[in-house]
Amino acid sequence: MNRKLFASAITVLTGIFVYSSCTKVDSTDLGNDLIPVVDNVNTFETVLDVVTDNFLYPDSTAYNAGDLAALGLIGNDPEFGSTSADIYAGLTSAVYGTHPFVNKDSVTVDSVVLSLAYSTAYGDTNSVQTVEVTQLSNATGNFQDTTLYKLNHAPFATTGGVRGTKTYTIRDLNDSVFYVNNGVDTVRTVNQLRIRMDPAFATQLVNFDTSNAYRNDTSFTKLFRGLAIKMSAASPTKNGLAYFNLLGDGTRLTVYARVTVNGQVDTISPYFKVYDQQTANLIKKTPGGNYLAYLNNNNPDDDKVYITSAPGSYATVQIKGLDTFKTVSRVIHRAELIIEKIPSQMDDIYTPVPTMFVNAVNATGDSSFTLRNDFSYTGSGPNYYDLANLGGSYISSRTSYVFNLSRYMQGGVTKGLPLYKTLRIYAPYYTQPYLETPTGTKLVMPRIYVNEPLAFGRVVVGGGSHPTKKMRVRIIYSKI
């Protein structure tokens, strides 16, 4: 099998080095745009070439109920291949200790609707797609509430066939929808996908009792494992993903029914919310098109690099001439890895990943660490890290990504700290930073979210051997 696919077996450690001890150079000179003019007398500029190679990323990303969940199909992206995204959700009753249907022996179910709170979309919002809902099997071990399931988990077992289906256009999901609640009130809602279910599906919910399912959420999930919300292969157009908030107010299974209480018929609409301890978002990306061709080309010097968000890809970037450069003492005013986007098929529909991430791979190739000093732990803010200093966000005006390597390079030149000549670039959903101290100790740091939501973005950029959009390391320095 191709060596690029086997690379996923390497242990991947993503690290950060929090390094605040002194250098001989004032920090304001390093990577903060206070760069002297290059005059080739006092200040110089050099460019180090790089060698780039594409790989399939061994993605272990797990889904959490608080994350937006992707649902949809991308059938044939000519650059990257196909993507499918399905949702699995456990449910829990809004009440326990009392029966949600009040008098279960007199209930007549009129309709059942599964609604999902819509948030945003990726790809072609004109896509017309079909979703099918089935019930999850209660078999032992199937879809438990003790695990955060990875995106690449195998599909969960279902039972009873399709219980609800809906064909929809993604762009219409944020339109207003009117429906009649309890046969009386007209309700307006927005940003919802509403899937009508088979009314007979609700029979089991009516028949449960406070002595079993309606005792507590643990009892309920044992008797009713949840729903599989999956895309149909027969969807008319497969060019986009929609994203839903599973914990939002608009996400629920609602049963519209009539019940007799004290001789009077009344309408009720008990509902069931997503159980936040029991969710999964299974996203499968199958490499295809030009990306697959580059994975299989057995060329370690790719002229194009293919980066897609989680579950994604990555590329190695070997810096040529670094061993020689670091032997000479100098003040580094700016060092940066420049990555330029190149045109690709359908890139007006499948937009670039918002942010890339970079780390350095050690000499043995079995570990990697976030760039010391240029990516630092702050202990505050939404992510607890200084992402802005590191860079890596897409710059639309320049159609490029730029990483700041200034302090990392300075530490190698003046302090003799490791300067690994191989970098890795990728676009993770989140990453677990690792830190390498000056003594070689490895420390685990708090997780950082890089690209949200899942599976959002893909981009083709120039590799080290691209004829016009060459990836490169640019350094501005002064001699000491």
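The values are calculated or read from the model by the stated rules, or taken from the named source; none is laboratory data. Computed from a predicted structure; not experimentally measured. Counting neighbours? That spans all protein chains shown, and the Cβs are built from the backbone with ideal geometry, glycine included.
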Are any residues in the stretch 339-355 in contact with an Asp or Glu (Cβ under 9 Å, 6 or more places away or on another chain), surrounded by 19 or more Cβ atoms within 10 Å (Cβ to Cβ) and within 20 Å of Thr468 (Cβ to Cβ), and if so, which ones?
Lys341, Ser344
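Filter the stretch 339-376 for residues that are assigned to a loop (DSSP other than H, G, I, E, B) and under 20 Å from Val413 (Cα atoms); which is modelled with the lowest pLDDT? Outline the logic, then answer.
Going residue by residue through the stretch 339-376, those that are assigned to a loop (DSSP other than H, G, I, E, B) are 342-354, 356, 362-367, 371-376.
Filter once more, so that each one left must be under 20 Å from Val413 (Cα atoms): 362-363, 371-376.
Numbers: Asn362: 88, Ala363: 86, Leu371: 89, Arg372: 85, Asn373: 84, Asp374: 88, Phe375: 86, Ser376: 80.
So, considering only residues that are assigned to a loop (DSSP other than H, G, I, E, B) and under 20 Å from Val413 (Cα atoms), the one modelled with the lowest pLDDT is Ser376.
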Take the residues of the stretch 465-480 that are over 27 Å from Asp302 (Cβ atoms) and aliphatic (A, V, I, L, M): which is modelled with the highest pLDDT?
Ile476
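A quick yes/no check of all residues on (1) farther than 30 Å from Ile339 by Cβ; (2) without any contact (Cβ under 8 Å) to a residue 60 or more places away in the chain; (3) among the β-branched types (Val, Ile, Thr); (4) surrounded by fewer than 18 Cβ atoms within 10 Å (Cβ to Cβ):
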| site | (1), (2), (3), (4) |
| --- | --- |
| Lys222 | yes, no, no, yes |
| Ser235 | yes, no, no, no |
| Lys238 | no, no, no, no |
| Val274 | yes, no, yes, no |
| Ile283 | no, no, yes, no |
| Ser313 | no, no, no, no |
Restricting attention to the stretch 381-403, and to residues there that are assigned to a helix (DSSP H, G or I) and touching a strand residue (DSSP E or B) at 6+ places or on another chain (Cβ under 7 Å), which single residue is nearest to Thr308 (Cα to Cα)?
Leu390
Of all residues in the stretch 80-121, how many are touching a residue at least 40 places away in the same chain (Cβ under 8 Å) and more than 19 Å from the chain's Cα centre (by Cα)?
26
Assess whether Thr279 counts as being crowded, with 23+ Cβ neighbours inside 10 Å, among the hydroxyl-bearing types (Ser, Thr, Tyr) and out of contact with any Ser or Thr (no Cβ under 7 Å at 6 or more places or on another chain).
yes
Take the residues of the stretch 428-464 that are surrounded by fewer than 20 Cβ atoms within 10 Å (Cβ to Cβ) and β-branched (Val, Ile, Thr): which is modelled with the highest pLDDT?
Val444
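Using the structure shown, decide if Ala213 is touching a helix residue (DSSP H, G or I) at 6+ places or on another chain (Cβ under 8 Å), surrounded by 13 or more Cβ atoms within 10 Å (Cβ to Cβ) and within 23 Å of Phe456 (Cβ to Cβ).
When the stated conditions are applied, Ala213 does not pass them.
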With the structure loaded, tell me whether Arg171 is farther than 20 Å from Gly240 by Cβ, among the charged types (D, E, K, R) and either without any contact (Cβ under 8 Å) to a residue 60 or more places away in the chain or in contact with an Asp or Glu (Cβ under 6 Å, 6 or more places away or on another chain) (or both) or whether it fails that test.
no
Filter pass, Ala121 being modelled with pLDDT of 95 or more and outside the structural domain of Asn239 (by TED's automatic domain parsing)
no
Those residues of the stretch 317-338 which are touching a Gly at 6+ places or on another chain (Cβ under 9 Å), among the hydrophobic types (A, V, I, L, M, F, W, C), closer than 20 Å to Ser465 by Cβ and modelled with pLDDT of 95 or more, in sequence order
Val317, Leu337
Of the residues Asp323, Asp366, Asp374, only one is in contact with a helix residue (DSSP H, G or I) (Cβ under 6 Å, 6 or more places away or on another chain) and farther than 30 Å from Gly240 by Cβ; which?
Asp374
